[in-house]
Amino acid sequence: MASSKMEKKCVCPVVLSSLVCAFVFVTSLNMGLVSSVHKFNSIFPIFSAHQRMSEYAESKIELGTPPPPGPTLPRFAYLVSGSKGDLEKLWRTLHALYHPRNEYVVHLDLEAPPEERLALATRIDNHTVFNKVGNVYMISKANMVTYRGPTMVANTLHACAVLLKRNKDWDWFINLSASDYPLVTQDDLVYTFSALNRNLNFIEHTSNLGWKANERAKPLIVDPGLYMSTKSDIYLATPRRTLPTAFKLFTGSAWTVLSRPFVEFCVWGWDNLPRTLLMYYTNFVSSPEGYFQTVVCNVPEFAKTVVNHDLHYISWDNPPKQHPHILNINDTDKMIRSNAAFARKFKHDDPILDKIDADLLGRAKGSFTPGAWCSGKPTCSEVGDSNKIKPGPGAQRLCQLIARLAMKANNGQDQCR
């Protein structure tokens, strides 16, 4: 389609998954985006724009209404959240992620001092591009967030509701922290996702709870963040509880890429399951690692839309700790070879971030990641055509990962098991 204005041809290495990518890229250039998606769908139905849904409960769940008429390229809605001391990290991550097509909600929790939150609000208000486009919104009434408690889930749902209220013209919701960083440009991400079924949900998950059954599912916890204005850790209550029989528990990554139809299902709650599970997970240890997994896999219509990956590169220490390994320059090769769209965790201004900017994003210090939308001098100081994209090597890498995951999901592998 003409509005796509693809400028750069991407060809992946000659392996099975990469042949699929190359087919999409070449066809979209030669025949237009709509034709390429149609042909791609005929090979892998998971990329189809239409899926027949089965009956669930009393009525059929509709997977959302089509987005308003406009460009066929997808749009993303981001939550970028942080806490005390994260202002500069969040600001850098926001610039690395920015594209005028997308929507952004940023949040510094109540642990961040008022002057830090005010500084973020002032920067957004005074930013020329943010003011012109109007797609960056800060949650001014900050929430208290405890990572291992339900307040993180509540904060995520809050951001989803804000994004739905502000603009429904987006296709996927992505939650990130100030310690995350992109490994591909937004042009790469938009280009790769343009061929995908927009009902897909990228949620790492498993029903094999293992040690988590006793250590996370059975204990009853209370999160003081629900009722206190200062942060403190969760505490255990008694007695312990048994595993549920009304639904099946799943666990996985707290970082997800959710379709707008699934977000609407969770926020609006026309079926009671999301609401019921939200109450259940109020007393669950590390509920952010289980809530969305358990919701999506207990609804047949959505279970078939799950791709078992969070599109992140995350490295864990051995033995694993509560938080992942802090990435550094020695992790560069593994991180790039993962073909992931994002990585975490990073320290503020670690040299590895400068390397990502220089080698993967082409981003100058203090600026946005360049894209075909960029105009003016200095680069990206003005907004050009936001429907114009220029994918690069990052699209090749991400396409290889997506194609491999799609083949598994299309065969029913790794879906809600």
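Conditions first: (1) surrounded by fewer than 22 Cβ atoms within 10 Å (Cβ to Cβ); (2) farther than 27 Å from residue 170 by Cα. Residue 284 passes all but one, so which condition is the exception?
Only one criterion is unmet by residue 284, namely (1).
Can you run down the residue pairs with Cβ atoms below 6 Å, 6 or more apart or on separate chains, where the first is in region 88-101 and closer than 15 Å to residue 360 by Cα and the partner is basic (Lys, Arg) and part of a helix (DSSP H, G or I)?
Note: no pairs meet the criteria.
Take residue 298 and tell me if it is modelled with pLDDT of 95 or more, in contact with a Lys or Arg (Cβ under 8 Å, 6 or more places away or on another chain) and within 20 Å of residue 193 (Cα to Cα).
no
Is it the case that some residue within region 339-349 is among the small types (Gly, Ala, Ser) and at positive phi? Can you show your working first?
Residues of region 339-349 that are among the small types (Gly, Ala, Ser), as a first pass: 340-341, 343.
In the following step, the residues that additionally are at positive phi were identified as none.
There is no residue in region 339-349 that is among the small types (Gly, Ala, Ser) and at positive phi.
Among the listed residues 258, 278, identify the single one that is touching a residue at least 60 places away in the same chain (Cβ under 8 Å), part of a strand (DSSP E or B) and in contact with a helix residue (DSSP H, G or I) (Cβ under 8 Å, 6 or more places away or on another chain). Break it down into steps so the answer makes sense when it comes.
Values: 278 fails: part of a strand (DSSP E or B).
Going through 258, 278 in turn, just one is touching a residue at least 60 places away in the same chain (Cβ under 8 Å), part of a strand (DSSP E or B) and in contact with a helix residue (DSSP H, G or I) (Cβ under 8 Å, 6 or more places away or on another chain): 258.
Please determine, by comparing only the residues of region 373-417 that are touching a residue at least 40 places away in the same chain (Cβ under 8 Å) and β-branched (Val, Ile, Thr), which one is farthest from residue 132 (Cα to Cα).
Here the residue is 402.
Please go through region 358-377 and pick out each residue that is part of a helix (DSSP H, G or I) and either closer than 21 Å to residue 400 by Cβ or of a type in the set (Asp, Glu) (or both).
359, 360, 361
The conditions are (1) over 20 Å from residue 185 (Cβ atoms); (2) of a type outside the set (Asp, Glu); (3) not in a helix (DSSP H, G or I), and residue 334 fails exactly one of them. Which is it?
(3)
With (1) at pLDDT below 95; (2) of a type outside the set (Asp, Glu); (3) more than 21 Å from the chain's Cα centre (by Cα) as the list, and residue 373 as the residue in question, which single condition is left unmet?
(1)
Just one of (1) in contact (Cβ under 8 Å) with a residue 24 or more places away in the chain; (2) farther than 18 Å from residue 277 by Cα trips up residue 151, so point out which.
(2)
Of the residues 388, 355, which is more than 19 Å from the chain's Cα centre (by Cα), part of a helix (DSSP H, G or I) and not polar (S, T, N, Q)?
355
Looking at 285, 267, 263, 296, which is the one that is touching a residue at least 40 places away in the same chain (Cβ under 8 Å), at negative phi, of a type in the set (A, V, I, L, M, F, W, C) and outside any helix (DSSP H, G or I)?
Residue meeting the stated conditions: 285.
Going residue by residue through region 103-121, is there one that turns out to be modelled with pLDDT of 95 or more, of a type in the set (Ser, Thr, Tyr) and out of contact with any Lys or Arg (no Cβ under 9 Å at 6 or more places or on another chain)?
yes
Quick check on region 356-370. Is at least one of its residues surrounded by fewer than 18 Cβ atoms within 10 Å (Cβ to Cβ), among the acidic types (Asp, Glu) and touching a residue at least 60 places away in the same chain (Cβ under 8 Å)?
No: region 356-370 contains no residue that is surrounded by fewer than 18 Cβ atoms within 10 Å (Cβ to Cβ), among the acidic types (Asp, Glu) and touching a residue at least 60 places away in the same chain (Cβ under 8 Å).
Can you tell me which residue within region 90-99, out of those that are surrounded by 22 or more Cβ atoms within 10 Å (Cβ to Cβ) and not hydrophobic (A, V, I, L, M, F, W, C), is farthest from residue 129 (Cα to Cα)?
93
The values are calculated or read from the model by the stated rules, or taken from the named source; none is laboratory data. Computed from a predicted structure; not experimentally measured. A quick note on method: Cβ atoms are made from the backbone with ideal geometry, for glycine too, and the neighbour counts reach across all protein chains shown.
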